[in-house]
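K.L.:
Handing you a structure now.
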Amino acid sequence: MLGTVLLLLALAKAACPSPVSVVSRRAEALKKLLEVFGMEDPPPSPTHFKQPPQYMVDLFNTVANADGVTKNPDILEGNTVRSFLDKTHSEEMRFLFVLSSVAKNEKILTAELHLFRLWPRVIDGPKRHHFCQVSVYQVLEKDKPDTPEGKKLLAVRLVSLQTSGWEVFAITQAVRDWTENESSNQGLLVTVQSLGESPLDPPPLKFASGGGHHESKKPMLVLFTDDGRRGALLPTAGFPGGSSMPGTTPSLGRSRSTRSLDRLQPCQRHPLSVDFEEIGWSGWIISPRGYNAFHCKGSCPFPLGENMRPTNHATVQSIINALKLSEGVSSPCCVPDKLYSINLLYFDDDENVVLKQYDDMVAGSCGCH
């Protein structure tokens, strides 16, 4: 995948005599680059300024460094995290999340309902209980969600009346049902009941709704999936130390003497900047603004030392080439021998925020193969 990215970037930036050819080649290159990122067309930029959910921003910062390079490949479950905001915007405890952007090939791993618990209302007299019971139901029949046959219990929990903050409920099976049969998505119902008191009493606490509360506290569905896209069988890892990598843009139009000098240099890693603003993607990509893909170049001369990180096959090929024992055998090539994944945080076609991990996007080190 990294090699494809390098070729596409070169095509996108290459200068051609005809302006029409330049535009055409650039458009074709960017379309191919979108395919590398698993898309047919770029998502439109949000129609107005939109703040991504803080949970998704924090998750990105946990998983990736400033360049988007994965810190630890074991942190994220699957390779895609999608967030959906409630579409009902109702003060009632009914929630609806539209999942049309979930691809059919995505495997649902975990689904979570995130609700922000507001401070409990003040009650006159002594409090008899410090907890209340919160129940989450999958609505089966839209017109009668309060009946036993109209709902199915997904999660139940005792929640403290002493604090505020986020509560997370697992609703994986309901989301699997909805993705298999879109018409079955009648939403969720959440009930709050005081312990030992009548169900008719006002609920002792409320959750923030989509209508009258701050954007950062809106109800949200978080979906962890895997789309089955996996990279090559090279060693992969998180970037050592999680620090940002330098982003120097290489020159694509080098002179013949410079290219000859490159061949005299030993195999090593060089910078290759991918700037999302430069290629027109900054409107829908939240983070990172770009990343350093790196690329490998240089010679693999005989004899290959350990610093060249040669494979046994490359060592044998180098010997055969040096001794001219067989015709048509070239010297080994300088290529990536370790690849890192990167993460994109972006708005999809429905303005939902998605965190997606892509394998084999950064050359971690180079060797003679």
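The values are calculated or read from the model by the stated rules, or taken from the named source; none is laboratory data. Keep in mind that what you see is a predicted model, and the values were worked out from it rather than measured. Heads up, the Cβs are rebuilt from the backbone with ideal geometry, glycines too, and the neighbour counts pull from every protein chain shown. Keep in mind that these areas ignore ligands, DNA and RNA; they rest on the heavy atoms of the full protein, side chains included. Shrake-Rupley method; radii C 1.70, N 1.55, O 1.52, S 1.80 Å.
K.L.:
Considering region 298-310 alone, what residues qualify as being in contact (Cβ under 8 Å) with a residue 40 or more places away in the chain and either open to solvent by 50 Å² or more (accessible area, probe 1.4 Å) or on the phi > 0 side of the Ramachandran plot (or both)?
P.N.:
The answer is 298, 307, 309.
K.L.:
For region 139-152, enumerate the residues that are open to solvent by 40 Å² or more (accessible area, probe 1.4 Å) and closer than 23 Å to residue 208 by Cβ.
P.N.:
Scanning region 139-152 gives 146, 151.
K.L.:
Determine whether residue 302 is modelled with pLDDT of 90 or more, of a type in the set (Phe, Trp, Tyr) and assigned by the TED database to the domain that holds residue 348.
P.N.:
In short, no.
K.L.:
Please list, ordered by first then second residue, the pairs with beta carbon atoms under 8 Å, 6 or more apart or interchain, first in region 93-121 and closer than 20 Å to residue 224 by Cβ and part of a strand (DSSP E or B), second modelled with pLDDT under 90 and among the β-branched types (Val, Ile, Thr).
P.N.:
Taking only residues 6 or more apart or on different chains, the pairs are 95/88.
K.L.:
Filtering region 162-181 down to residues that are open to solvent by 20 Å² or more (accessible area, probe 1.4 Å) and assigned to a loop (DSSP other than H, G, I, E, B), which residue is modelled with the highest pLDDT?
P.N.:
181
K.L.:
Among the residues of region 316-369, write down those that are outside any strand (DSSP E or B) and surrounded by 19 or more Cβ atoms within 10 Å (Cβ to Cβ).
P.N.:
Scanning region 316-369 gives 317, 318, 332, 352, 369.
K.L.:
Consider region 279-331. How many of its residues are under 30 Å from residue 27 (Cβ atoms) and among the small types (Gly, Ala, Ser)?
P.N.:
Residues that pass the stated criteria total 6.
K.L.:
Something else now. Taking region 77-92 on its own, how many of its residues are open to solvent by 20 Å² or more (accessible area, probe 1.4 Å), assigned to a loop (DSSP other than H, G, I, E, B) and closer than 18 Å to residue 190 by Cβ?
P.N.:
Of the residues in that region, 6 qualify.
K.L.:
Sort through 67, 41, 58, 74 and tell me the only one that's among the acidic types (Asp, Glu) and in a helix (DSSP H, G or I).
P.N.:
None of the others qualify; the one that does is 58.
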